[in-house]
Amino acid sequence: LQERLGNAFQKFKGQKRLDEDNVREGLREVRLALLEADVNFKVVKGFVDQVKERALGEEVMKGLNPGQQIVKIVNEELTELLGGEQQGLDLSAKPLKLMMVGLQGSGKTTSSGKLALYLRKHHGRKPYLVPADVYRPAAIDQLHTLARQLDVPAYPSTTDMNPVDICRDAMVKAAELGCDLILFDTAGRLHIDETLMDELGNIRQACSPQEILFVADAMTGQDAVTVAEAFNDKLGITGVVLTKMDGDARGGAALSIKTVTGRSVKFVGVGEKLSDMELFHPDRIASRILGMGDMMTLIEKAQSEIDEDEAKAMAEKMAKAEFDFEDFLGHMRKLKKLGSMEGLLKMIPGMGNVMKQLGKDALPEDEMRRTEAIISSMTRQERRQPALINQSRKERIARGSGVKVADVNVLIKNFKQMSKVMQAMMGGGKKKGKFGLPK
Ligand code: GDP
Ligand code: MG
(Lines give C-alpha, C1' and ligand atoms only; values in the text may rest on other atoms or scores of the structure.)
(Ligands and ions follow the chains in the order given, each with its own letter.)
Protein backbone atom coordinates (compact mmCIF):
# COMPACT_ATOMS: atom_id res chain seq x y z
CA LEU A 1 0.00 0.00 0.00
CA GLN A 2 2.79 2.39 0.93
CA GLU A 3 4.51 1.74 -2.34
CA ARG A 4 1.38 2.32 -4.36
CA LEU A 5 0.59 5.43 -2.40
CA GLY A 6 4.13 6.63 -2.94
CA ASN A 7 3.59 6.44 -6.66
CA ALA A 8 0.14 7.95 -6.54
CA PHE A 9 1.46 10.90 -4.62
CA GLN A 10 4.45 11.91 -6.67
CA LYS A 11 2.58 14.92 -7.94
CA PHE A 12 1.45 16.01 -4.50
CA LYS A 13 4.92 16.15 -3.03
CA GLY A 14 5.38 18.96 -0.62
CA GLN A 15 1.70 19.71 -0.18
CA LYS A 16 0.90 20.79 3.31
CA ARG A 17 -2.79 20.15 3.54
CA LEU A 18 -5.15 17.38 2.56
CA ASP A 19 -7.56 18.66 -0.04
CA GLU A 20 -10.24 17.25 -2.32
CA ASP A 21 -7.65 16.14 -4.89
CA ASN A 22 -5.06 14.39 -2.82
CA VAL A 23 -7.67 12.84 -0.53
CA ARG A 24 -9.54 11.40 -3.49
CA GLU A 25 -6.30 10.07 -4.94
CA GLY A 26 -5.20 8.57 -1.62
CA LEU A 27 -8.52 7.00 -0.83
CA ARG A 28 -8.61 5.31 -4.21
CA GLU A 29 -5.57 3.30 -3.13
CA VAL A 30 -7.04 2.65 0.30
CA ARG A 31 -10.25 1.42 -1.30
CA LEU A 32 -8.25 -1.02 -3.40
CA ALA A 33 -6.34 -2.26 -0.38
CA LEU A 34 -9.58 -2.89 1.48
CA LEU A 35 -11.13 -4.72 -1.45
CA GLU A 36 -7.99 -6.79 -1.81
CA ALA A 37 -8.35 -7.70 1.85
CA ASP A 38 -11.82 -8.98 0.95
CA VAL A 39 -13.79 -6.39 2.80
CA ASN A 40 -17.33 -6.25 1.48
CA PHE A 41 -17.68 -3.48 -1.11
CA LYS A 42 -20.59 -1.80 0.62
CA VAL A 43 -18.63 -1.71 3.84
CA VAL A 44 -15.66 -0.27 1.97
CA LYS A 45 -17.76 2.52 0.57
CA GLY A 46 -19.18 3.51 3.93
CA PHE A 47 -15.81 3.43 5.58
CA VAL A 48 -14.06 5.41 2.89
CA ASP A 49 -16.71 8.12 2.99
CA GLN A 50 -16.29 8.41 6.69
CA VAL A 51 -12.53 8.75 6.43
CA LYS A 52 -12.89 11.32 3.69
CA GLU A 53 -14.93 13.51 5.93
CA ARG A 54 -12.33 13.46 8.61
CA ALA A 55 -9.31 13.80 6.34
CA LEU A 56 -10.40 16.87 4.38
CA GLY A 57 -8.59 19.95 5.51
CA GLU A 58 -6.30 18.13 7.87
CA GLU A 59 -2.73 19.27 7.96
CA VAL A 60 -0.01 16.98 6.65
CA MET A 61 2.46 16.27 9.41
CA LYS A 62 6.02 17.29 8.82
CA GLY A 63 7.98 14.36 7.47
CA LEU A 64 4.98 12.65 5.96
CA ASN A 65 3.61 13.01 2.49
CA PRO A 66 -0.14 13.30 1.90
CA GLY A 67 -0.35 9.57 1.16
CA GLN A 68 1.26 8.59 4.43
CA GLN A 69 -0.95 11.06 6.23
CA ILE A 70 -4.03 9.40 4.77
CA VAL A 71 -2.77 5.95 5.71
CA LYS A 72 -2.27 7.23 9.21
CA ILE A 73 -5.84 8.48 9.43
CA VAL A 74 -7.24 5.32 7.84
CA ASN A 75 -5.29 3.16 10.23
CA GLU A 76 -6.55 5.09 13.25
CA GLU A 77 -10.16 5.00 12.10
CA LEU A 78 -9.96 1.31 11.29
CA THR A 79 -8.46 0.44 14.65
CA GLU A 80 -11.10 2.49 16.39
CA LEU A 81 -13.85 0.81 14.43
CA LEU A 82 -12.56 -2.71 15.02
CA GLY A 83 -11.99 -2.18 18.70
CA GLY A 84 -14.79 0.18 19.58
CA GLU A 85 -16.38 -2.38 21.81
CA GLN A 86 -15.17 -4.22 24.88
CA GLN A 87 -13.30 -7.35 23.97
CA GLY A 88 -12.82 -10.72 25.54
CA LEU A 89 -15.58 -12.46 27.41
CA ASP A 90 -17.54 -11.44 30.44
CA LEU A 91 -16.47 -14.18 32.81
CA SER A 92 -18.71 -13.35 35.74
CA ALA A 93 -21.32 -16.02 35.06
CA LYS A 94 -21.04 -19.51 36.52
CA PRO A 95 -21.61 -21.64 34.66
CA LEU A 96 -20.57 -19.64 31.63
CA LYS A 97 -22.36 -21.01 28.59
CA LEU A 98 -20.86 -20.43 25.16
CA MET A 99 -22.67 -21.39 21.99
CA MET A 100 -20.57 -21.73 18.86
CA VAL A 101 -22.36 -21.06 15.58
CA GLY A 102 -21.30 -20.65 11.98
CA LEU A 103 -21.04 -22.31 8.60
CA GLN A 104 -19.67 -25.81 8.18
CA GLY A 105 -15.90 -25.87 8.15
CA SER A 106 -15.54 -22.43 9.68
CA GLY A 107 -13.80 -23.89 12.73
CA LYS A 108 -16.52 -24.25 15.38
CA THR A 109 -15.38 -27.60 16.73
CA THR A 110 -11.71 -26.68 16.76
CA SER A 111 -12.49 -23.33 18.37
CA SER A 112 -14.60 -25.04 21.07
CA GLY A 113 -11.54 -27.06 22.04
CA LYS A 114 -9.30 -24.00 21.85
CA LEU A 115 -11.58 -21.91 24.05
CA ALA A 116 -11.83 -24.72 26.59
CA LEU A 117 -8.06 -24.78 26.81
CA TYR A 118 -7.70 -21.00 26.82
CA LEU A 119 -10.24 -20.38 29.54
CA ARG A 120 -8.93 -23.22 31.68
CA LYS A 121 -5.36 -22.03 31.36
CA HIS A 122 -5.94 -18.30 31.82
CA HIS A 123 -9.02 -18.24 34.01
CA GLY A 124 -9.03 -21.56 35.81
CA ARG A 125 -12.33 -22.61 34.30
CA LYS A 126 -13.55 -26.22 34.32
CA PRO A 127 -14.85 -26.86 30.80
CA TYR A 128 -17.53 -29.25 29.60
CA LEU A 129 -17.77 -29.92 25.86
CA VAL A 130 -21.10 -30.59 24.20
CA PRO A 131 -21.25 -32.05 20.68
CA ALA A 132 -24.57 -30.81 19.30
CA ASP A 133 -23.83 -31.55 15.65
CA VAL A 134 -25.57 -34.90 15.29
CA TYR A 135 -25.78 -34.96 11.52
CA ARG A 136 -22.28 -36.20 10.92
CA PRO A 137 -20.93 -38.94 13.20
CA ALA A 138 -17.43 -37.63 12.52
CA ALA A 139 -18.36 -34.31 14.06
CA ILE A 140 -19.17 -35.91 17.40
CA ASP A 141 -16.00 -38.00 17.30
CA GLN A 142 -13.97 -34.93 16.50
CA LEU A 143 -15.06 -33.11 19.64
CA HIS A 144 -14.72 -36.25 21.78
CA THR A 145 -11.16 -36.63 20.53
CA LEU A 146 -10.37 -33.03 21.44
CA ALA A 147 -11.93 -33.61 24.87
CA ARG A 148 -9.65 -36.58 25.47
CA GLN A 149 -6.62 -34.58 24.34
CA LEU A 150 -7.49 -31.84 26.78
CA ASP A 151 -8.57 -34.28 29.44
CA VAL A 152 -11.93 -32.56 29.90
CA PRO A 153 -15.35 -34.23 30.10
CA ALA A 154 -17.74 -34.19 27.14
CA TYR A 155 -21.38 -35.11 26.71
CA PRO A 156 -21.81 -38.62 25.19
CA SER A 157 -23.87 -37.47 22.23
CA THR A 158 -24.96 -39.96 19.58
CA THR A 159 -26.42 -39.36 16.13
CA ASP A 160 -29.90 -40.55 17.12
CA MET A 161 -30.32 -37.84 19.75
CA ASN A 162 -32.04 -34.51 19.33
CA PRO A 163 -29.60 -31.56 19.56
CA VAL A 164 -31.88 -29.53 21.83
CA ASP A 165 -32.28 -32.47 24.23
CA ILE A 166 -28.52 -32.98 24.20
CA CYS A 167 -27.87 -29.40 25.20
CA ARG A 168 -30.53 -29.41 27.91
CA ASP A 169 -29.29 -32.64 29.44
CA ALA A 170 -25.66 -31.54 29.10
CA MET A 171 -26.28 -28.63 31.47
CA VAL A 172 -27.44 -31.08 34.13
CA LYS A 173 -24.40 -33.30 33.60
CA ALA A 174 -22.02 -30.35 33.68
CA ALA A 175 -23.48 -29.23 36.99
CA GLU A 176 -23.08 -32.74 38.44
CA LEU A 177 -19.42 -32.73 37.45
CA GLY A 178 -18.85 -29.26 38.88
CA CYS A 179 -17.98 -27.75 35.51
CA ASP A 180 -18.35 -23.98 35.25
CA LEU A 181 -17.84 -23.53 31.52
CA ILE A 182 -20.10 -25.21 28.97
CA LEU A 183 -19.28 -25.10 25.27
CA PHE A 184 -22.04 -26.01 22.83
CA ASP A 185 -20.56 -27.05 19.50
CA THR A 186 -23.49 -26.74 17.09
CA ALA A 187 -24.01 -27.97 13.55
CA GLY A 188 -23.21 -25.89 10.52
CA ARG A 189 -24.27 -26.04 6.89
CA LEU A 190 -22.50 -25.04 3.75
CA HIS A 191 -25.18 -22.41 3.30
CA ILE A 192 -27.61 -20.80 5.67
CA ASP A 193 -30.88 -22.69 5.84
CA GLU A 194 -34.05 -22.22 7.81
CA THR A 195 -34.15 -25.66 9.45
CA LEU A 196 -30.72 -25.14 10.92
CA MET A 197 -31.53 -21.62 12.06
CA ASP A 198 -34.67 -22.87 13.79
CA GLU A 199 -32.72 -25.58 15.54
CA LEU A 200 -30.09 -23.09 16.72
CA GLY A 201 -32.86 -20.80 17.92
CA ASN A 202 -34.32 -23.65 19.95
CA ILE A 203 -30.96 -24.45 21.50
CA ARG A 204 -30.53 -20.84 22.43
CA GLN A 205 -33.93 -20.77 24.05
CA ALA A 206 -33.34 -23.99 25.98
CA CYS A 207 -29.88 -23.03 27.24
CA SER A 208 -29.77 -19.21 27.44
CA PRO A 209 -26.06 -18.99 26.66
CA GLN A 210 -24.38 -15.77 27.78
CA GLU A 211 -22.41 -15.70 24.57
CA ILE A 212 -23.29 -16.76 21.04
CA LEU A 213 -20.01 -16.71 19.19
CA PHE A 214 -20.15 -16.53 15.43
CA VAL A 215 -17.19 -18.46 14.06
CA ALA A 216 -15.95 -17.07 10.76
CA ASP A 217 -13.24 -18.27 8.46
CA ALA A 218 -10.89 -15.37 7.72
CA MET A 219 -10.80 -16.53 4.11
CA THR A 220 -14.52 -15.84 3.79
CA GLY A 221 -14.65 -13.15 1.19
CA GLN A 222 -17.45 -10.82 0.31
CA ASP A 223 -19.97 -13.37 1.61
CA ALA A 224 -19.02 -12.67 5.19
CA VAL A 225 -21.59 -9.90 5.34
CA THR A 226 -24.61 -11.96 4.24
CA VAL A 227 -23.75 -14.89 6.46
CA ALA A 228 -23.01 -12.80 9.54
CA GLU A 229 -26.17 -10.81 9.00
CA ALA A 230 -28.31 -13.96 8.77
CA PHE A 231 -26.89 -15.47 11.95
CA ASN A 232 -27.18 -12.19 13.77
CA ASP A 233 -30.78 -11.56 12.72
CA LYS A 234 -31.89 -14.98 13.81
CA LEU A 235 -29.80 -15.50 16.93
CA GLY A 236 -28.34 -12.20 18.03
CA ILE A 237 -24.66 -13.02 18.14
CA THR A 238 -22.54 -11.53 20.92
CA GLY A 239 -19.09 -11.81 19.40
CA VAL A 240 -16.96 -13.27 16.68
CA VAL A 241 -14.16 -15.82 16.55
CA LEU A 242 -12.08 -15.24 13.42
CA THR A 243 -10.28 -18.43 12.42
CA LYS A 244 -7.45 -19.34 10.05
CA MET A 245 -5.63 -16.09 10.46
CA ASP A 246 -2.40 -18.08 10.21
CA GLY A 247 -2.95 -18.24 6.45
CA ASP A 248 -2.53 -15.31 4.13
CA ALA A 249 -6.02 -13.95 4.60
CA ARG A 250 -5.80 -10.27 5.38
CA GLY A 251 -8.78 -10.43 7.69
CA GLY A 252 -11.12 -8.08 5.88
CA ALA A 253 -14.01 -10.22 7.12
CA ALA A 254 -13.43 -8.79 10.59
CA LEU A 255 -14.33 -5.34 9.35
CA SER A 256 -17.33 -6.49 7.32
CA ILE A 257 -18.80 -8.49 10.20
CA LYS A 258 -18.22 -5.74 12.72
CA THR A 259 -19.90 -3.23 10.46
CA VAL A 260 -23.07 -5.22 9.80
CA THR A 261 -23.55 -6.82 13.22
CA GLY A 262 -21.95 -4.26 15.49
CA ARG A 263 -20.15 -7.16 17.19
CA SER A 264 -16.40 -7.29 17.56
CA VAL A 265 -14.01 -10.10 17.00
CA LYS A 266 -13.07 -11.48 20.42
CA PHE A 267 -10.67 -14.27 19.55
CA VAL A 268 -8.48 -15.11 16.61
CA GLY A 269 -7.54 -18.65 15.53
CA VAL A 270 -3.98 -18.85 14.30
CA GLY A 271 -3.39 -22.54 13.61
CA GLU A 272 -4.72 -26.06 13.88
CA LYS A 273 -3.28 -26.80 17.31
CA LEU A 274 -5.46 -26.33 20.37
CA SER A 275 -3.11 -23.70 21.73
CA ASP A 276 -3.36 -21.64 18.54
CA MET A 277 -5.84 -19.06 19.76
CA GLU A 278 -5.25 -15.45 20.73
CA LEU A 279 -7.19 -12.50 22.00
CA PHE A 280 -8.08 -10.09 19.25
CA HIS A 281 -5.90 -6.98 18.78
CA PRO A 282 -7.68 -4.33 16.67
CA ASP A 283 -4.47 -2.48 15.78
CA ARG A 284 -2.80 -5.59 14.42
CA ILE A 285 -5.74 -6.51 12.23
CA ALA A 286 -6.09 -2.94 11.03
CA SER A 287 -2.50 -2.93 9.82
CA ARG A 288 -2.94 -6.35 8.34
CA ILE A 289 -6.06 -5.36 6.45
CA LEU A 290 -4.19 -2.39 5.05
CA GLY A 291 -1.26 -4.68 4.31
CA MET A 292 1.54 -2.84 6.01
CA GLY A 293 2.85 -4.76 8.99
CA ASP A 294 4.30 -2.68 11.77
CA MET A 295 5.55 0.09 9.55
CA MET A 296 2.76 2.37 10.64
CA THR A 297 4.09 2.23 14.16
CA LEU A 298 7.52 2.95 12.86
CA ILE A 299 6.32 6.06 11.09
CA GLU A 300 4.65 7.19 14.27
CA LYS A 301 7.67 6.56 16.44
CA ALA A 302 9.94 8.20 13.96
CA GLN A 303 7.61 11.16 14.11
CA SER A 304 7.67 11.56 17.82
CA GLU A 305 11.11 10.40 18.82
CA ILE A 306 13.43 11.44 16.10
CA ASP A 307 13.63 15.01 15.07
CA GLU A 308 11.13 15.40 12.28
CA ASP A 309 13.49 16.87 9.73
CA GLU A 310 15.94 14.16 10.52
CA ALA A 311 13.29 11.53 9.80
CA LYS A 312 12.49 13.16 6.52
CA ALA A 313 16.10 13.27 5.47
CA MET A 314 16.47 9.61 6.37
CA ALA A 315 13.36 8.65 4.45
CA GLU A 316 14.62 10.51 1.43
CA LYS A 317 18.02 8.90 1.58
CA MET A 318 16.43 5.51 1.88
CA ALA A 319 14.13 6.20 -0.98
CA LYS A 320 17.12 7.03 -3.12
CA ALA A 321 18.93 3.93 -1.90
CA GLU A 322 21.68 6.12 -0.52
CA PHE A 323 21.35 4.94 3.02
CA ASP A 324 24.58 3.24 4.03
CA PHE A 325 26.41 2.05 7.12
CA GLU A 326 27.68 5.55 7.69
CA ASP A 327 24.11 6.84 8.10
CA PHE A 328 23.19 3.77 10.07
CA LEU A 329 25.96 4.43 12.58
CA GLY A 330 25.11 8.08 12.92
CA HIS A 331 21.53 7.18 13.41
CA MET A 332 22.19 4.53 15.97
CA ARG A 333 24.21 6.93 18.06
CA LYS A 334 21.36 9.37 18.02
CA LEU A 335 18.83 6.70 18.90
CA LYS A 336 20.94 5.66 21.83
CA LYS A 337 20.23 8.92 23.52
CA LEU A 338 16.51 8.39 23.19
CA GLY A 339 16.15 5.26 25.27
CA SER A 340 13.57 2.55 24.67
CA MET A 341 15.91 1.10 22.13
CA GLU A 342 14.35 -2.30 22.21
CA GLY A 343 10.95 -1.15 21.07
CA LEU A 344 12.41 0.87 18.26
CA LEU A 345 14.75 -1.84 17.11
CA LYS A 346 12.05 -4.43 16.99
CA MET A 347 10.11 -2.36 14.54
CA ILE A 348 12.91 -2.20 12.05
CA PRO A 349 12.41 -5.20 9.79
CA GLY A 350 15.18 -7.69 10.32
CA MET A 351 16.43 -6.25 13.58
CA GLY A 352 14.13 -8.47 15.59
CA ASN A 353 16.05 -11.40 14.17
CA VAL A 354 19.36 -9.98 15.25
CA MET A 355 18.06 -9.89 18.76
CA LYS A 356 16.64 -13.37 18.58
CA GLN A 357 19.87 -14.87 17.28
CA LEU A 358 21.70 -13.46 20.25
CA GLY A 359 19.41 -15.24 22.65
CA LYS A 360 16.92 -13.91 25.10
CA ASP A 361 19.45 -12.61 27.58
CA ALA A 362 21.31 -10.36 25.24
CA LEU A 363 20.36 -6.79 25.98
CA PRO A 364 19.55 -4.69 22.95
CA GLU A 365 22.01 -2.18 24.35
CA ASP A 366 24.71 -4.85 24.13
CA GLU A 367 23.67 -5.49 20.61
CA MET A 368 23.89 -1.82 19.83
CA ARG A 369 27.40 -1.70 21.24
CA ARG A 370 28.42 -4.71 19.21
CA THR A 371 26.88 -3.32 16.04
CA GLU A 372 28.61 -0.04 16.67
CA ALA A 373 31.91 -1.84 17.16
CA ILE A 374 31.53 -3.74 13.90
CA ILE A 375 30.66 -0.65 11.90
CA SER A 376 33.47 1.28 13.55
CA SER A 377 35.91 -1.36 12.33
CA MET A 378 34.88 -0.80 8.75
CA THR A 379 36.76 1.63 6.60
CA ARG A 380 34.94 4.70 5.46
CA GLN A 381 34.78 3.28 1.96
CA GLU A 382 33.29 0.02 3.20
CA ARG A 383 30.61 1.89 5.08
CA ARG A 384 29.66 3.83 2.00
CA GLN A 385 29.76 0.86 -0.33
CA PRO A 386 28.85 -2.20 1.69
CA ALA A 387 29.02 -4.27 -1.48
CA LEU A 388 32.82 -4.07 -1.20
CA ILE A 389 32.87 -6.15 1.95
CA ASN A 390 34.20 -9.52 0.83
CA GLN A 391 35.34 -12.46 2.91
CA SER A 392 38.81 -11.15 3.76
CA ARG A 393 37.40 -7.76 4.69
CA LYS A 394 34.83 -9.47 6.86
CA GLU A 395 37.58 -11.34 8.67
CA ARG A 396 39.50 -8.13 9.26
CA ILE A 397 36.38 -6.36 10.54
CA ALA A 398 35.55 -9.26 12.85
CA ARG A 399 39.09 -9.24 14.31
CA GLY A 400 39.03 -5.49 14.70
CA SER A 401 35.75 -5.46 16.58
CA GLY A 402 36.31 -8.64 18.58
CA VAL A 403 33.35 -10.55 17.16
CA LYS A 404 32.94 -13.61 14.96
CA VAL A 405 32.72 -13.40 11.18
CA ALA A 406 29.21 -14.79 11.54
CA ASP A 407 28.22 -11.70 13.52
CA VAL A 408 29.47 -9.47 10.73
CA ASN A 409 27.49 -11.54 8.24
CA VAL A 410 24.34 -11.23 10.30
CA LEU A 411 24.68 -7.49 10.52
CA ILE A 412 25.22 -7.11 6.78
CA LYS A 413 22.37 -9.42 5.96
CA ASN A 414 19.98 -7.58 8.23
CA PHE A 415 21.09 -4.25 6.96
CA LYS A 416 20.42 -5.35 3.39
CA GLN A 417 17.01 -6.59 4.35
CA MET A 418 16.24 -3.43 6.21
CA SER A 419 17.22 -1.09 3.42
CA LYS A 420 15.28 -3.15 0.95
CA VAL A 421 12.12 -2.95 3.01
CA MET A 422 12.63 0.69 3.80
CA GLN A 423 13.07 1.53 0.16
CA ALA A 424 9.91 -0.29 -0.74
CA MET A 425 8.09 1.45 2.10
CA MET A 426 9.19 4.89 1.20
CA GLY A 427 8.13 4.27 -2.36
CA GLY A 428 11.64 4.92 -3.50
CA GLY A 429 13.21 5.38 -6.89
CA LYS A 430 12.97 2.83 -9.63
CA LYS A 431 16.67 2.12 -9.94
CA LYS A 432 18.18 -0.85 -8.22
CA GLY A 433 19.30 -0.40 -4.65
CA LYS A 434 22.84 -0.08 -3.47
CA PHE A 435 23.13 -3.81 -3.03
CA GLY A 436 21.96 -4.48 -6.53
CA LEU A 437 18.78 -5.95 -5.15
CA PRO A 438 15.64 -5.52 -7.17
CA LYS A 439 13.00 -3.71 -5.20
P1 GDP B 1 -16.53 -26.77 11.92
O2 GDP B 1 -17.13 -27.53 10.78
O3 GDP B 1 -17.02 -25.37 11.95
O4 GDP B 1 -16.68 -27.46 13.23
O5 GDP B 1 -14.97 -26.66 11.61
P6 GDP B 1 -13.75 -27.49 12.22
O7 GDP B 1 -13.49 -27.06 13.62
O8 GDP B 1 -13.96 -28.94 11.99
O9 GDP B 1 -12.56 -26.94 11.32
C10 GDP B 1 -12.50 -27.15 9.92
C11 GDP B 1 -11.05 -27.23 9.51
O12 GDP B 1 -10.41 -25.98 9.73
C13 GDP B 1 -10.26 -28.25 10.29
O14 GDP B 1 -9.39 -28.92 9.43
C15 GDP B 1 -9.46 -27.40 11.29
O16 GDP B 1 -8.25 -28.03 11.64
C17 GDP B 1 -9.24 -26.15 10.51
N18 GDP B 1 -9.07 -24.98 11.37
C19 GDP B 1 -9.89 -24.48 12.31
N20 GDP B 1 -9.39 -23.35 12.86
C21 GDP B 1 -8.20 -23.12 12.26
C22 GDP B 1 -7.19 -22.09 12.38
O23 GDP B 1 -7.29 -21.13 13.16
N24 GDP B 1 -6.11 -22.23 11.57
C25 GDP B 1 -5.98 -23.26 10.67
N26 GDP B 1 -4.91 -23.30 9.92
N27 GDP B 1 -6.90 -24.21 10.54
C28 GDP B 1 -8.00 -24.16 11.31
MG1 MG C 1 -17.78 -29.15 13.70
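The values are calculated or read from the model by the stated rules, or taken from the named source; none is laboratory data. This is a predicted model, so every value here is computed, not measured. Cβ atoms come from the backbone with ideal geometry, glycine included; neighbour counts cover every protein chain shown. Areas reflect the complete protein model, heavy atoms only, side chains present, ligands, DNA and RNA absent. Shrake-Rupley method; radii C 1.70, N 1.55, O 1.52, S 1.80 Å.
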Using heavy-atom solvent-accessible surface (probe 1.4 Å) with all chains present, what is the largest-first order of E278, E58? E278, E58
How many nm is it between the label spots at R384 and E278, if each spot is 7 Å from the Cα in line with the beta carbon? 4.4 nm
To the nearest 10 square angstrom, what accessible area does H191 show with a 1.4 Å probe? 140 Å²
Under a 5 Å amide H to amide H cut-off, with H placed in plane at 1.01 Å, what residues pair with K97 once short-range neighbours are removed? I182, Q210, E211
According to a simple spin-label model (label point 7 Å from Cα along Cα-to-Cβ), what is the distance in nm between S208 and T226? 3.6 nm
Given a 1.4 angstrom probe, I'd like the percentage of the accessible area of region 96-290 that is carbon and sulfur, rounded to a whole number. 49 percent
Sequence of S392, S106 from largest to smallest accessible area, 1.4 Å probe: S392, S106
How much accessible area does V405 have with a 1.4 Å probe, in Å² rounded to the nearest 10? 40 Å²
Testing the spin-label approximation: label points 7 Å from Cα along Cα→Cβ at E194 and M61. State their distance in nm. 5.4 nm
If the chain between D233 and D169 were fully extended at 0.36 nm per residue, the gain over the current Cα-Cα distance would be 20.3 nm
Assigning unit charges at the beta carbon (Lys, Arg +1; Asp, Glu -1) and nothing else, what dipole magnitude in debye, to the nearest 20, does region 131-258 show about its Cα centre? 220 debye
So if R0 is 51 Å, what FRET efficiency would R136 and L32 give, r being the distance between their Cβ atoms, rounded to the nearest 0.05? 0.80
Residue-ordered couplings for region 179-185, obtained by feeding phi - 60° into the Karplus form 6.51 cos²θ - 1.76 cosθ + 1.60 and rounding to whole Hz (Gly and Pro as x), are 7, 10, 9, 10, 10, 9, 9
Residue-by-residue Karplus 3J(HN,Hα) for region 371-385, coefficients 6.51, -1.76, 1.60, Hz, glycine and proline x: 4, 4, 4, 4, 5, 5, 7, 7, 6, 4, 5, 5, 5, 7, 10
Lys/Arg +1, Asp/Glu -1 at C-beta; region 198-297 dipole; positive extreme among M219, A286, F267: A286
Taking the Cβ-Cβ separation of D49 and R369 as r and a Förster radius of 41 Å, what is the calculated FRET efficiency to the nearest 0.05? 0.20
How do Y135, Y128, Y118 rank by accessible surface area computed with a 1.4 Å probe, from largest to smallest? Y135, Y118, Y128
Out of residues 5 or more away from M277 or on other chains, whose amide H comes under 5 Å of its own, with H placed 1.01 Å from N in the peptide plane? V270
Can you tell me the FRET efficiency between E326 and Q87 if r is taken as the Cβ-Cβ distance and R0 is 56 Å, rounded to the nearest 0.05? 0.75
In sequence order, calculated HN-Hα J values of region 48-53 (Karplus, 6.51, -1.76, 1.60; Hz; x Gly/Pro): 4, 4, 5, 5, 4, 4
